[in-house]
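Have a look at the structure below before the remarks.
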Amino acid sequence: MNTRLTTLCINRGLASAVRRTVLSGVAFILMLITPLTWGQQPAVISGTLGAVGSDTMAGLMLRWGETLTTRYPDVKLQFQASGSASAPTALMAGTTRLGPMSRPMTSEERDNFIERYGYPPLELKVARDALIVVVHRHNPLRALTRQQVDAIFSTSLACGGETPIRRWEQLSATRDWSFGSIALHGRNLASGTHGLFQQRALCGGFFRNDISEHPGSSAVVAAVGESANAMGYAGLNHLTPAVHALSLYNDDGIAIPPNEAAIQGGDYPLSRYLYLYVNLPPGETLPPAEQALLKLIMSDEGQQIARASGFVPLTSSVLGAQQRW
Amino acid sequence: MTSASHTVSRRRRFSRVNDVWPWLCAASVALSLLMLGALLTLLLVRGLGHFWPATLEEVTLDSGETFAGQAVREVALPQRAGDERLYFTGNQDIEGVRWRWVAIDDIAESAQPDDLIRLDRSPWGDFIGRLVAIEQHDQRWEGDAAWQRLNALLVLPASQRQDSQLLLTTVDGQTLRQPLASVASAQAPNAMSVWQKTLAWGDAVWRFLSEGPRAANTDGGVWPAIFGTVLMVILMSVMVTPFGVLAAIYLNEIAHQGRLTRLVRIGVRNLAGVPSIVYGVFGLGVFVYGIGGSLDEWFFSDTLPSPTFGTGGLLWASLTLALLTLPVVIVATEEGLARIPEAQREGAVALGATRLEMLTRIVLPMAAPAMLTGVILAVARAAGEVAPLMLVGVAKLAPQMPIDGEFPYLHLERKFMHLGYHLFDTAFHGEDVQAAIPLVYATALLLVLIVLVLNLTAIFLRHYLRRQRGNEC
Amino acid sequence: MTLPRLTSSRQPIRLLQDRMATGLITAGGIGVLLAILAIGVFLVWETLPLLAIGDTLALAKLSPLAWGTLKAALAALLFAIPVAMGAAIYSALFMSARLRSRIKPALEMMEAIPGVVVGFIAGLILAPWVERHLASALVLIIWLPLSAALAGLLWQRAKTRLRRHLPLSWAGLWLVPWLAVMVALALWLAPWMEQQWFDGDLRQLLDQRYGMDYATRNALIVGLAMGFAVIPSIYSLAEDALADVPASLIEGAQAMGASRWQALWKVALVAAGPGIFSAIMIGAGRAVGETMIVLMASGNTALFSASPFEGMRSMAAAIAIELPEASPGGQTYHLLILAALVLFIFTFLVNTLAEVVRQRLRRRFRQMGGTL
């Protein structure tokens, strides 16, 4: 009995010794190889980055993560896209240090964070986004006033329109667009896009009840691209050539197209920043994996990825004015 | 005479009208088969066709503009005669968009030159154009040599081609320098033979099955979704089989066969008809918020308020589906038990067997095939079910597999990917539906194949067993 | 010699084992049944706060969803009942036995196709196509039954040799290519017909003359897609009911001079009536609860409209997209659970009714078979 136990122990000890040797051997070889192949990368960075937050930014975050992984194979980004509202909760709980949000934190969320940790979260702007109003690609309509947008999508006319707009003939640009009434497409109630559009484009009013509510922005764009009588709203990163994104008149009566310059400068009325909130105690530095991600995001390459994902990169002045980490 | 012939002709006319009805009925069968066939054919053609290397066209418009791309589909123009065609043009980094709609009347000329190539890169996606040269340190290859050099380099892992650069040009003359490290594959589809295309097709199908999604689910494969589906279904059958069989044995062998048992039996049968979403609601309310929430408070309070088991996950999803498929297993097992002649049981008991021995030695072996059929049907139903999963734990993208080398190896609390939900997600939530649709077709085909194969197995099993039992009796 | 000793020594253990196993099975069985019962209890429990307050405003929010659910189910049944019943009658009474043993599983396969696949095809492929070719789609709906009747008339005029090659008992199969050709023909002719009868654009005509809106994803599409999903369940049960009608009944009627069709119409359908009723009920239950197809193909517009060209939002679809985001304990949460409860009660009642009717019918047939 005793001898059996000892052999077992020896075996286990031997096995662990062997495993340790093999592992350290592998690690050694890796250390040898890595500097060779990653000439400019000085140190090996590893670790799993956790992020919880906005589903609008899911594609963007995942692409940043992919790029980071190709650069540092041991770094993995795990992203849980459960809506902007989940980011402050997760940051406060301490399960993640990174909370991407498609809107700024409310003062309540910020206060809660300060109460828990004693310092505010680091707020970083990472890209710019906009909501676009789209019509079919052959639709002659090019621009709408905010009152018109409201009159088309709402029943409340809170932005100051006079009559609801139901048919294409009611808009001067589409008098000859003989497709009858306007078929409306939008997002479902639970999405942030729905809420933001209601707040900014309907001046807080109520949506009509005959809007087709799609479970995703890309479904909205696809639906509008398929039917000539359709109009819808979606996130900028879902824009395809199947639809045409309308310009919106600003308060000075100038039609602003949702192009890169107008969104970057904030002239386009429905534009917004995308944020990344980081839990960083003052005076401390971030772990190398987090630093690498932030460096990537703020770099030219990271901003190019934002552009490739359909968002608008930040101007260098905005990038430069950010708080240091 | 005349009146007689009159009635005869009337009867004949009447019977002729009547004779039309069987044809309408036959047409219903034919229509159902036609719809089923059309659906399967559509999935097969579009799902598998997507992987075939598509011909690239160089299109010159009447305005003199040129571009290169792959023709995707055609639709009628609104308010104007004629059709327009959708081209996939790639080159998002140069043009800003990946698609182009062109009225067919506007096309002056369209050719298929052999030297057009298609590169798969990240993060910008496909490039369609021409290869000018390839540069490595001070060396430079051009023309055919460049193409050969590119193919040779692409065999190497990405980390070993850091120092190479491609010089590319689009068909309208814009040039681009592309680091080779971010290129995944290269093709010149117009120059490929049928055999090469078949090889490329097989390779693409294999990559679709074995790789994870890339570029935020708009590209890449479905391996994690296959894995997640299979794992969830296995867990579910592990849970549903013992309980379903227990309940069936209780109902059929032990419970007093009275009015109450009959009511319960009807109740169980009816649960098979309760919408799956209702089970999802139950799973969310009871398993996730109820049990999961309590588990978190007791064992994982250090991570609260962020939930461990108090959010949807693999465990809750498979439990919910187990509940959903429980009636299927119970009904099938009961059917099997009811078919066993009473004489078998009586014989066993008469020879001195206890009830347990009678059950384990005589009844269960005889009912085993029926149970198996029930479990397969349950698995088939669970594999195709999506609605309840949306509530209890399926994820858009789960970078961590539910099984890995980290203790405790099987992570029941993790979210997982599921083929059916992946299909829904890429079709409605993705960044670009047009780009995702071919992948959605392929995923749909895969899902349908899995479910059909499972169902066919169940049908053949049942058929075979019935026949065998028929011989026995 | 060894046998009695073995029994005597192991007897108590065996009895104990047996008692324990029986207890275990009973416990397990009752546990499972309780778990199933828990579904109903949970749903009622969670909706109690809402019902206790008597929040009529909340209930008013549910009413368009209830209407949408009914509209979608009705549209599906309008398409599914004729097709499924026709198929059931044909395969129970006219089809050759060999073909039937193959066709029935094939049609039951339709049920296995996941809703999410049908929903994807309907929402992203079929809906845009029908919107562009509305006239063709409507022409098809009228043209398909006509072409089947035409096939019948042609067949009666045909030569005996051809008839022997293409018998009625195999028509379910050889009509498939015929229908395919007819569909192609209709699609080829439809633009011309639209030009002739509807002034070139049916949708414009609908809009201008009748003031009807056309939504891409509408009751027509949902009806087709969900009908496709419901056909197999109605077909399978109705066919069982028809096939169970004792042959003696039909033969008796035919002996009295009834034609085959009369025997079917006046005798078999009447005799199997309750079974067919229960088949339709079960189909209705499925149509009411189907989630993914409605979610993907209905457009999710919370409208009170009876127009077949407008969308709807069903309770099941609303639960599926809104519940994961609703905070537990909130009003939306309770409201959605109430919707689930309504679905549960409705399908449970409908299915119980169907099951009771079916069992009674089966007993009646057994008696009939016994006496005849």
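Quick note: the coordinates plus some simple rules give every number you see, no bench work behind them. These figures come from a predicted structure and were not determined experimentally. A quick note on method: Cβ atoms are made from the backbone with ideal geometry, for glycine too, and the neighbour counts reach across all protein chains shown.
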Along the dipole axis of chain B (charges at Cβ: +1 for Lys and Arg, -1 for Asp and Glu; origin at the Cα centre), the most positive-end residue among B:Pro78, B:Leu180, B:Trp316 is B:Trp316
What number, in percent, do you get for the relative contact order of chain C if the mean sequence gap of Cα pairs under 8 Å and at least 6 apart is divided by its residue count? 29 percent
Treating the protein assembly as shown as a set of equal point scatterers at the Cα positions, no solvent, please give the Debye-formula log₁₀ I(q)/I(0) at q = 0.05, 0.06 Å⁻¹. -0.40, -0.57
Counting Lys and Arg as +1 and Asp and Glu as -1, each charge on the Cβ, what is the dipole of the protein assembly as shown about the Cα centre in debye, to the nearest 20? 5600 debye
Using only atoms on other chains, find how many Cβ atoms lie within 10 Å of each Cβ of peptide B:430-440 and report the average. 6
Can you compute the equivalent ellipsoid semi-axes for region B:223-472, i.e. the square root of 5 times each eigenvalue of the Cα gyration tensor, sorted largest first and rounded to whole Å? 37, 23, 16
Going by average Cβ density within 10 Å per residue, which order do the peptides B:124-131, A:289-296 take, highest to lowest? B:124-131, A:289-296
Between 0 and 90°, nearest 10: helix B:314-339 axis offset from chain B longest Cα axis: 40 degrees
Other residues with Cβ under 11 Å from the Cβ of C:Trp155 give, with Lys and Arg +1 and Asp and Glu -1, a net charge of +2
Out of C:Val41, C:Leu24, C:Leu99 - ranked by how far each Cα lies towards the positive end of the dipole of chain C, with unit charges on the beta-carbon of charged residues - the top one is C:Leu99
Under a straight-distance cross-link criterion of Cα-Cα below 20 Å, which lysines are reachable from A:Lys76, leaving out those fewer than 8 residues away in the same chain? A:Lys295, B:Lys396, B:Lys415
At q = 0.11 Å⁻¹, what is the base-10 log of I(q)/I(0) for region B:117-191 according to the Debye formula with one equal point scatterer per Cα and no solvent? Please give it to two decimals. -0.23
From the helices alone, meaning DSSP H stretches of at least four residues, give me the mean residue ellipticity at 222 nm for the protein assembly as shown, per-run term -39500 (n - 2.57), in deg cm²/dmol to the nearest 500. -19000 deg cm²/dmol
Equivalent ellipsoid semi-axes for chain B, as square roots of 5 times the alpha carbon gyration tensor eigenvalues: give them largest first, rounded to whole Å. 54, 36, 21
Between the Cα axis of helix B:2-49 and the main Cα principal axis of chain B, the angle (0 to 90°, nearest 10) is 60 degrees
Helix by helix, which DSSP H runs in chain C go 15 Å or more along their axis at the Cα atoms and have an average Kyte-Doolittle hydropathy of -0.5 or more? C:2-53, C:56-93, C:97-112, C:134-157, C:171-197, C:219-244, C:273-289, C:331-371
Over region A:203-288, relative contact order from alpha-carbon pairs under 8 Å, at least 6 apart, %: 15 percent
About the Cα centre, charge dipole magnitude for chain C (Lys/Arg +1, Asp/Glu -1 at Cβ), debye: 2000 debye
Evaluated at 4 °C with a viscosity of 1.567 mPa s, what Stokes-Einstein diffusion coefficient in µm²/s does region C:97-136 have when Rh comes from the Kirkwood expression over alpha-carbon pairs? 106 µm²/s
For chain C, what value does the Rg/Rh ratio take when both radii are computed over Cα atoms and Rh is the Kirkwood radius, given to two decimals? 1.09
Please determine, in degrees from 0 to 90 and to the nearest 10, the orientation of helix B:433-472 with respect to the longest principal axis defined by the Cα atoms of chain B, where the helix direction is its Cα long axis. 30 degrees
Relative contact order [Cα under 8 Å, 6+ residues apart], chain B, whole percent: 14 percent
Over region B:57-111, one equal point on each Cα, no solvent: what is log10 I(q)/I(0) by the Debye formula at q = 0.18 Å⁻¹? -0.58
